[in-house]
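Worksheet: one structure, shown below.
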Amino acid sequence: MLFRKMLRDMKHHKIQFISIFLMAFLGVFVYAGIGGEWYGLQQTSNNFYRDTNLADVWIYGRSFTEEDVDKVSEVPGVTQVQRRLSLDTVADFSNNPSIRLHIIEENNISKTYTVSGDNFSTDKDGIWLDDQFARARNLNTGDTLKLSAMGVTLEKKILGTVLSPEYVYAPGGNDMIPNHANFGFAYLPVSALPKEMKIVYTDLLVKTADTPDAALEDKIYSALKGNYSVYHDKENLLSYSMFKNEIQQHKAMGSVFPIVFLAIALLTILTTMTRMVNAQRTQIGTLKALGFQQSAILRHYLSYGFWLSLAGAIVGAAAGPLTLPRLFYGPMQTTFTLPEWKPSISPSFFVMGLFTVFICTLATYLACRSNLKDTPSQTLRPKAPKVAKQGVFEKTALWAKLGFNFQWNLRDIFRSKIRSSMAVAGVLGCCALLVCAFGINDSLDDVVQWQYKEINQFSTKLSLSENLPPDTVEAVLKQSNGESIMEGTVEIKANGVKKTGDLLVTDNVSLIKFTDLNRNYINLPSDKLSISYKMSKLLGVEKGDKISWHIYGKEKWITGEVGEIYRSPVSQGITMSRELFEQQGLEFTPTAIVSKDEISVLPEGVENKWTISDLTESYETMTEAMSIMVYVLITAAALLAIVVLYNLGVLSFTERERELATLKVLGFQSAKIRQLLLTQNIWLTVIGVAFGIPCGKLLIDFMLSTMGDSFDLMCIISAFNIVISILITFILSVFVNFLFSGKIKRIDMVSSLKAVE
């Protein structure tokens, strides 16, 4: 009997029951969908790093002997050591693409992952080429690849195409997005080198038992007596850190937003079940009068919340990982390279699903508990409305001057504090999600204006070939009407912290500007170095503090004073003048030329060029996955808002039905009653929006804090999008209010006004 009643109720109250299902589904769907995406990437990358035995530490120097290998191997905590030679070579193609060639005597650490052809072997005479470069250049196994390096030409047969754990993210030059046609990597066994070619090992790859720390670095420094130029662990490996930061961003968004969704959804479920149980108060009394035990009636109503939320959670947990990850993989594959792209199921999905079911069932219990306590005779009658107490404000002279609309709504709000608070909370959550989603999108878009218009004021950037003679550089400067800069990579130390960052040396450049913390233009000092704001926070330094730094490949550490702190969204490191750079005994070697002119023909000595539009497009491609995620969340927030506000409206109408019937008996027209309800609705919406906007900004700040060490985005949300967020919230709120216009006309005054004894 009770089962048939449940089926009849579901048929009669389709919208309410669908809303319960949708709320459970939506919360778990977004959580599991975004979670399946980042968890799948994490699992895939972890397996990739494990199977290929990614190094924990890289040590670069001029030459490493077998004795050096033995010394490092004896350091406590070191489990494996392997050496290799890394060369930057030029492939024999029309535009001279770069190939990072690794010549190895073993393939035990940071091993190659075979995509096609033969597995890597130290006994075979051939080369193993980057699979992405091979695809971009239409190269296959069996083809011949010609490389030039250090005045030597190597011509080798491609025996296989491979991936490398060190090149999950592999941009070349100034690219933010990898251009696989212009940059790749390759592996060559030592045995395949010409006998007359002398090999000097420049890299040491180290595996450790535990996570590398400063103590390990000190031990290795002592073992090698400091005879190396660069030491860094995998946390400072660009490929590893960039991909890790990308996953962290997705994880943060995939955790925060769905939790907010779920919180609002649970609020809605509570209100829905409260409304439903109150509406069936007389049915509960009838069941009691027929002899049904209180426990049986309780289980009956608990089944509504349990089964519907269980179905929603199951469908959400299953559908999320199967659908949402596919939206992000396409854009991400243009930036990162992995053996496979597939979502994964995390145990947390089931925990979230069970938690959703538990809370929904608990909400149902709380909703029907009070009605089940009443006697059958009490339950058979409508519940008496709450008695409003006269407040202090109502005793003032001002109260009497206020209109009925104001008085009635204010009394109703204070009499039904819980209902009103729930309405405010629903509006707050929806508005905060919309503000956050739009704000993240605005913050990402703002980088284009900030970095590529305000900071970079050049039209073209020319990348120079290495070891160009000064007269050739001067010729390029004159031909392009440009200005020279030197870019590189540095290690920076301060306060016991070491970070890898960008180096920029300027030579009276006017086409690259610098901004302070408030985005105002500033001039950097020529006699002191300057540091980016994000890097200063990572190192814990301020103006006047000392930092130590050295260029990758140079053993000499230099100590300098911080003269200025500038802010840059996409480049974190240090900047100095050519004058200061040369005072350190270093040679200013231009790596690029920036020009205001648009250059179509590349001068001699120029390796590549980027226009400002190329750089902008590269950034937009890099952030495309995040933008898609934002649009998904905006859509979900709007759907959530509709369901939330509608259910809150239904509850509000149900609770006040007797009062509204009284007003109709007293002669109030339906239009006047709608005005009363609309006024209160607007009041509560205004309060919810007022709190929702700052809460949304806090969510933006949190999300931007997860962008990693390389990015320093400012929290930006345009006035237009704030207005849009407010308008969407108000439109949905007012729309829901008008849905009840027909209900007001159809109020049964006789049944609604039955006395409560």
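When every residue of segment 545-559 is checked against the conditions, none turns out to be surrounded by 19 or more Cβ atoms within 10 Å (Cβ to Cβ), assigned to a helix (DSSP H, G or I) and not acidic (Asp, Glu).
Only residues that are part of a loop (DSSP other than H, G, I, E, B), at pLDDT 80 or above and among the aliphatic types (A, V, I, L, M) were counted across segment 147-183, and they come to 3.
For segment 199-211, the criterion of a residue being in a strand (DSSP E or B), among the acidic types (Asp, Glu) and within 40 Å of the chain's Cα centre (by Cα) is satisfied by at least one position.
May I ask you to list the residues in segment 48-85 that are within 34 Å of the chain's Cα centre (by Cα) and either farther than 29 Å from Ile247 by Cα or small (Gly, Ala, Ser) (or both)? Within segment 48-85, Ala55 is the sole residue that qualifies. Assess whether Ser45 counts as being surrounded by 18 or more Cβ atoms within 10 Å (Cβ to Cβ) and either in a helix (DSSP H, G or I) or more than 19 Å from the chain's Cα centre (by Cα) (or both). Against the criterion (surrounded by 18 or more Cβ atoms within 10 Å (Cβ to Cβ) and either in a helix (DSSP H, G or I) or more than 19 Å from the chain's Cα centre (by Cα) (or both)), Ser45 qualifies. Within segment 658-677, the set of residues being in contact (Cβ under 8 Å) with a residue 40 or more places away in the chain, surrounded by fewer than 17 Cβ atoms within 10 Å (Cβ to Cβ) and of a type in the set (A, V, I, L, M, F, W, C) comprises just one member, Val665.
Against the numbered list (1) in contact with a Pro (Cβ under 6 Å, 6 or more places away or on another chain); (2) within 30 Å of Leu267 (Cβ to Cβ), Ile34 comes up short only at (1).
Scanning segment 89-105 for residues that are within 33 Å of the chain's Cα centre (by Cα) and closer than 17 Å to Leu462 by Cβ turns up Pro97, Ser98. From the list Val206, Val200, the lone residue that is closer than 20 Å to Pro165 by Cα and modelled with pLDDT of 85 or more is Val206.
Among the residues of segment 123-132, is there at least one that is assigned to a loop (DSSP other than H, G, I, E, B) and modelled with pLDDT under 90? Scanning segment 123-132 turns up at least one residue that is assigned to a loop (DSSP other than H, G, I, E, B) and modelled with pLDDT under 90.
Taking segment 292-344 as the range and being of a type in the set (Phe, Trp, Tyr) and in a loop (DSSP other than H, G, I, E, B) as the test, the residues that pass are Phe292, Phe336, Trp341. The residues listed here are Tyr221, Tyr201, Tyr167, Tyr240; of these, the one that is in the same structural domain as Asp118 (by TED's automatic domain parsing) and within 30 Å of Lys609 (Cα to Cα) is Tyr167. Filtered by the rule that a residue be of a type in the set (D, E, K, R), touching a Phe, Trp or Tyr at 6+ places or on another chain (Cβ under 7 Å) and assigned to a helix (DSSP H, G or I), segment 582-629 gives a lone residue, Glu582.
Here Tyr240, Tyr304, Tyr228 are screened, and the one residue that is at pLDDT below 80 and of a type in the set (Ser, Thr, Tyr) is Tyr304. For segment 75-82, the criterion of being in contact with a Phe, Trp or Tyr (Cβ under 7 Å, 6 or more places away or on another chain) and either surrounded by fewer than 19 Cβ atoms within 10 Å (Cβ to Cβ) or of a type outside the set (Lys, Arg) (or both) is met by none of the residues.
Filtered by the rule that a residue be part of a strand (DSSP E or B) and more than 25 Å from the chain's Cα centre (by Cα), segment 499-519 gives Leu503, Leu504, Val505, Thr506, Ile512, Phe514, Thr515. Within segment 563-585, if we keep just the residues that are modelled with pLDDT under 90 and not polar (S, T, N, Q), the residue that is farthest from Gly488 (Cα to Cα) turns out to be Gly585.
For segment 212-242, a tally of residues being out of contact with any strand residue (DSSP E or B) (no Cβ under 8 Å at 6 or more places or on another chain) and in a loop (DSSP other than H, G, I, E, B) returns 4. All of (1) within 30 Å of Lys697 (Cα to Cα); (2) in the same structural domain as Pro603 (by TED's automatic domain parsing); (3) out of contact with any strand residue (DSSP E or B) (no Cβ under 7 Å at 6 or more places or on another chain); (4) not hydrophobic (A, V, I, L, M, F, W, C) hold for Ser420 with one exception: (2).
Put simply, of Ile593, Ile673, Ile612, Ile642 the only residue that is over 34 Å from the mean Cα position of the chain (by Cα) and aliphatic (A, V, I, L, M) is Ile673. Answer with yes or no whether Ala494 is of a type outside the set (Asp, Glu), surrounded by 15 or more Cβ atoms within 10 Å (Cβ to Cβ) and in contact with a helix residue (DSSP H, G or I) (Cβ under 6 Å, 6 or more places away or on another chain). For Ala494, the condition - of a type outside the set (Asp, Glu), surrounded by 15 or more Cβ atoms within 10 Å (Cβ to Cβ) and in contact with a helix residue (DSSP H, G or I) (Cβ under 6 Å, 6 or more places away or on another chain) - is met.
The values are calculated or read from the model by the stated rules, or taken from the named source; none is laboratory data. The model shown is predicted, which means the values in this text are computed figures rather than measured ones. Please note: Cβ atoms are built from the backbone with ideal geometry, for glycine as well, and neighbour counts cover all protein chains shown.
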